[in-house]
1. (1) in contact with a strand residue (DSSP E or B) (Cβ under 8 Å, 6 or more places away or on another chain); (2) modelled with pLDDT under 95; (3) loosely packed, with under 15 Cβ neighbours inside 10 Å: which one isn't true of residue 185, the others all being true?
2. For a quick check of your reading: which helices (runs of 4 or more DSSP H) sit entirely within the stretch 87-164 and have at least 1 residues that are closer than 22 Å to residue 48 by Cβ and either more than 16 Å from the chain's Cα centre (by Cα) or at pLDDT below 95 (or both)?
3. Just to be sure, is residue 50 touching a strand residue (DSSP E or B) at 6+ places or on another chain (Cβ under 9 Å), modelled with pLDDT of 95 or more, within 23 Å of residue 220 (Cβ to Cβ) and in a loop (DSSP other than H, G, I, E, B)?
4. In this structure, does residue 4 turn out to be in a strand (DSSP E or B), touching a strand residue (DSSP E or B) at 6+ places or on another chain (Cβ under 9 Å), crowded, with 16+ Cβ neighbours inside 10 Å and at pLDDT 95 or above?
5. Using the structure shown, decide if residue 211 is assigned to a helix (DSSP H, G or I), surrounded by fewer than 19 Cβ atoms within 10 Å (Cβ to Cβ) and in contact (Cβ under 8 Å) with a residue 24 or more places away in the chain.
6. Can residue 196 be described as in a strand (DSSP E or B), under 12 Å from residue 237 (Cβ atoms), touching a helix residue (DSSP H, G or I) at 6+ places or on another chain (Cβ under 7 Å) and touching a residue at least 24 places away in the same chain (Cβ under 8 Å)?
7. Identify the single condition in (1) touching a residue at least 40 places away in the same chain (Cβ under 8 Å); (2) in a loop (DSSP other than H, G, I, E, B) that residue 39 does not satisfy, given that it satisfies every other one.
């Protein structure tokens, strides 16, 4: 069974992003913003409490220090600086989760531009995996192939290959860039169809072909309009799959 995850805790101060309370009941894992692209101390506390209420495993969702662009702009940083920035973010979430009585963080998933940058650059992937290892976080989430998987293996971490129910894939099995008009899947029925295909280890790409893509966890973006409706329908569809 695929684990359903979502990026949450991305509101900050008076800026509301997504519906964490609406999404949380449908999730197995949640990726909590750590304050650099979204989130603030009170939002982190509240989202941790929601995860505890619903029995959802908590992971860290650190980013480049880029709140102005919601973490979606690449920043070329030396590996030691990137590692320090990641350690700062993830350790803060870890401490707040521990104080709230949560289990240790289950996973680390880079956010936005950092997710794709680290998966293509060994030094950045090493910084991500190194922080997880230093803080005792047992799993990384990332694309099915690339540098994040290799870095996780090098650090002895578990790796959860991730697919997306609300993003389209191009023929190279990369996500269609957000600059393209059809990058996101907004319809509930289409998102459910993609989720069920991914559960079978396949995805339909933008050229109309069905290609193999083996994943362990399926992501929904909490900041996309309609996320709760998609999450509810996908949860129902995944739960209806007969046990293998």
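1. Of everything listed in (1) in contact with a strand residue (DSSP E or B) (Cβ under 8 Å, 6 or more places away or on another chain); (2) modelled with pLDDT under 95; (3) loosely packed, with under 15 Cβ neighbours inside 10 Å, residue 185 misses just condition (3).
2. On the way: elements: 112-120, 122-134, 147-155.
Of the helices (runs of 4 or more DSSP H) lying wholly inside the stretch 87-164, those with at least 1 residues that are closer than 22 Å to residue 48 by Cβ and either more than 16 Å from the chain's Cα centre (by Cα) or at pLDDT below 95 (or both) span 112-120, 122-134.
3. Values: touching a strand residue (DSSP E or B) at 6+ places or on another chain (Cβ under 9 Å): yes; modelled with pLDDT of 95 or more: yes; within 23 Å of residue 220 (Cβ to Cβ): yes; in a loop (DSSP other than H, G, I, E, B): no.
For residue 50, the condition - touching a strand residue (DSSP E or B) at 6+ places or on another chain (Cβ under 9 Å), modelled with pLDDT of 95 or more, within 23 Å of residue 220 (Cβ to Cβ) and in a loop (DSSP other than H, G, I, E, B) - is not met.
4. Numbers: in a strand (DSSP E or B): yes; touching a strand residue (DSSP E or B) at 6+ places or on another chain (Cβ under 9 Å): yes; crowded, with 16+ Cβ neighbours inside 10 Å: yes; at pLDDT 95 or above: yes.
So residue 4 passes the test.
5. Details: assigned to a helix (DSSP H, G or I): no; surrounded by fewer than 19 Cβ atoms within 10 Å (Cβ to Cβ): yes; in contact (Cβ under 8 Å) with a residue 24 or more places away in the chain: yes.
The answer is no for residue 211.
6. Working: in a strand (DSSP E or B): no; under 12 Å from residue 237 (Cβ atoms): yes; touching a helix residue (DSSP H, G or I) at 6+ places or on another chain (Cβ under 7 Å): yes; touching a residue at least 24 places away in the same chain (Cβ under 8 Å): yes.
Answer is no for this residue.
7. Every listed condition holds for residue 39 apart from (1).
Matching residues to (1) farther than 26 Å from residue 166 by Cα; (2) in contact (Cβ under 8 Å) with a residue 24 or more places away in the chain:
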site: 34; (1), (2): no, yes
site: 43; (1), (2): no, yes
site: 55; (1), (2): no, no
site: 95; (1), (2): yes, no
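The values are calculated or read from the model by the stated rules, or taken from the named source; none is laboratory data. Everything numeric in this text was worked out from a predicted model, so none of it was measured. Positions of Cβ are backbone-derived with ideal geometry, glycine not excepted, and every protein chain shown enters the neighbour counts.
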